[in-house]
1. Given the convex hull of the Cα atoms of the stretch 1-127, what is a quarter of its surface area in nm²?
2. For the stretch 163-266, report the % of Cα-Cα distances exceeding 18 Å.
3. Could you work out which residue, out of 21, 129, 246, moves most in a Gaussian network model of the chain, that is, has the largest mean-square fluctuation with Cα springs under 10 Å?
4. How much of the DSSP beta bridge set in the chain is antiparallel, as a percent to the nearest 5?
5. Under 1.5 on a/c is rounded, so check that first for the stretch 90-133, then, if it is not, pick prolate when a/b is larger than b/c and oblate when it is not; a ≥ b ≥ c are the square roots of the alpha carbon gyration tensor eigenvalues.
6. How much length, in nm to one decimal, is gained on full extension between residue 249 and residue 178, taken as 0.36 nm per residue of separation minus their Cα-Cα distance?
7. Compute a Gaussian network model of the chain, connecting alpha carbons closer than 10 Å, and tell me which residue from 43, 113, 221 fluctuates the most.
8. To the nearest Å, what is the center-to-center distance of the stretch 228-248 and the stretch 71-114, using C-alpha atoms only?
């Protein structure tokens with residue numbers, strides 16, 4: 001029996017998916033099935049109730065998971081401790097991020113980190129916020145990057161920084177003539193929004209509701225880039241994080257207008273699974289993300 005087999009079993013137990021367990025460990029689904037079968041033969045016990053309706057561990061499977069998790073975490077801690085002693089920063093870091101952070105905030109940090117640690121491999125996946133949390137909790141990714149982080153007892157949340165929300169519109173739009181507007185001036189305006197389940201959309205909806213401002217949502221998208229493209233063709237106005245429109249404002253394809261009523265900020269955070277054993281590379285990458 002190898003520790004790798006115990007890790008595969010733990011990943012399977014946590015994700016409840018042979019596909020995801022295979023993805024995490026970079027093996028085929030067949031290989032996952034074979035390793036589980038080998039463990040069942042070793043312990044002479046059925047570990048998983050193979051039902052099409054729901055994934056479920058047997059009593060023996062739950063016991064094996066509890067002990068295997070401790071073994072795998074202890075092994076990871078040992079491996080990372082040896083790396084620390086040798087002052088080695090290497091290995092892989094899996095990052096899952098929402099689109100706006102991945103496209104506009106993350107690249108300079110990755111560039112700086114890889115320049116200092118060229119032997120580290122960083123893979124980045126772009127996902128919706130709900131999927132970022134699922135990937136973190138399912139061990140599919142090491143670190144998740146989100147806006148408006150949710151509290152979850154299973155997660156560690158590391159606050160990063162805050163983005164100022166600004167109004168954007170086409171340069172020929174009447175609101176573009178102003179450097180500053182009040183939220184009331186958005187009343188009944190055609191509005192390009194994020195889809196309703198996206199945290200930034202929920203936050204913007206609350207801002208407008210608290211000020212008793214009603215806008216006309218004419219389009220809804222799941223990512224910042226499509227929102228900007230819709231505003232660029234003058235389909236409506238929008239509210240977005242300031243850092244995501246710097247290039248368009250500089251090229252005059254979008255106009256940015258500050259909101260006079262108050263400063264509205266979008267908090268960003270890194271999340272990772274509680275009790276996760278962080279490698280030296282992961283810790284240093286998180287430390288870098290905390291810097292301005």
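Just so you know, all these numbers are worked out from the coordinates, no wet-lab data involved. Computed from a predicted structure; not experimentally measured.
1. Convex hull of Cα atoms, orientation-averaged projection: 9.7 nm².
2. On the way: 2100 of 5356 pairs.
When all Cα pairs of the stretch 163-266 are counted, 39 percent exceed 18 Å.
3. 246
4. Just about 55 percent of them are antiparallel.
5. Numbers: a/c = 4.09, a/b = 1.67, b/c = 2.46.
Oblate, since a/c reaches 1.5 and b/c is not below a/b.
6. Numbers: separation 71, 0.36 × 71 = 25.56 nm, distance 1.44 nm.
Full extension of this stretch gives 24.1 nm more.
7. 43
8. Centre-to-centre distance over Cα atoms comes out at 32 Å.
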